[in-house]
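Novice: Take a look at the following structure, please.
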Amino acid sequence: GFLVEARQKKWAFLKAASRRARLQVCCVGGRLASTLPEELPEEIDLLTLRAIRLPVEVWRSLVARLSPKGRLLVWMGSREPVVQRAGGQGCLQEVGLTELESIRVLESQRRRIVSYGVEALRQ
């Protein structure tokens, strides 16, 4: 697995925690941008995001790497994920994602995890 974190302090924590838990993950320090980190594989089966305000180029780069049955899990509050583009904002359907399921996070009024996929669009 791969963990990408832009903030140095959080990146160091993730690296230490994964090492202590003996998880086989690669902790990448950096931001998601239109050019994704080199360490990320070309095909991704499962991707989770907690930062959901990304430029359209980043969303497209991530979607292009999802396997045909790949899933994107977005941790969010009451607001929908935002696709930032010139002239305004858009929705995830614009970049080829279809919402599959929404699960409420226990003991939270607003937080939820939403699953998106691309398989229906690639068939």
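Novice: Any idea what the relative contact order of the chain is, in percent, if you count C-alpha pairs under 8 Å spaced at least 6 apart? List each step's numbers first, then the result.
Specialist: On the way: 203 pairs, mean separation 24.8, N = 123.
Over the chain, the number comes to 20 percent.
Novice: Counting only protein chains, not ligands or nucleic acids, how are Ile44, Ile103 ordered by accessible area (probe 1.4 Å), most first?
Specialist: Ile103, Ile44
Novice: Using helices alone, I'd like the mean residue ellipticity at 222 nm for the chain: each DSSP H run of four-plus residues gives -39500 (n - 2.57), total over residue count, nearest 500.
Specialist: So the helix-based figure for the chain works out to -6000 deg cm²/dmol.
Novice: Ignoring any ligand, DNA or RNA, what whole percent of the accessible area of the chain comes from carbon and sulfur when the probe is 1.4 angstrom? Mind dumping the intermediate values first?
Specialist: Working: 4310 of 8490 Å².
Result for the chain: 51 percent of the exposed heavy-atom area is carbon or sulfur.
Novice: Once you place label points 7 Å from the Cα toward the Cβ at Glu107 and Ala12, how far apart are they in nm?
Specialist: Computed distance between label sites Glu107 and Ala12 equals 2.9 nm.
Novice: Enumerate the aspartates and glutamates that Lys15 could reach by cross-link, defined here as Cα to Cα under 17 Å, with residues fewer than 8 away along the same chain left out.
Specialist: Partners found: Glu5, Glu39.
Novice: Let me ask you something else. Rank these by accessible area, largest first, 1.4 Å probe: Lys9, Lys15, Lys69.
Specialist: Working: Lys9 180, Lys15 85, Lys69 155 Å².
Ranked from most to least accessible, the order is Lys9, Lys69, Lys15.
The values are calculated or read from the model by the stated rules, or taken from the named source; none is laboratory data. These numbers were taken from a predicted model, which means no experiment stands behind them. As a convention, Cβ positions derive from the backbone with ideal geometry for all residues, glycine included, and neighbour counts pool all protein chains shown. The protein model used for the area step is the full one, side chains on, heavy atoms only, and it has no ligands, DNA or RNA in it. Shrake-Rupley method; radii C 1.70, N 1.55, O 1.52, S 1.80 Å.
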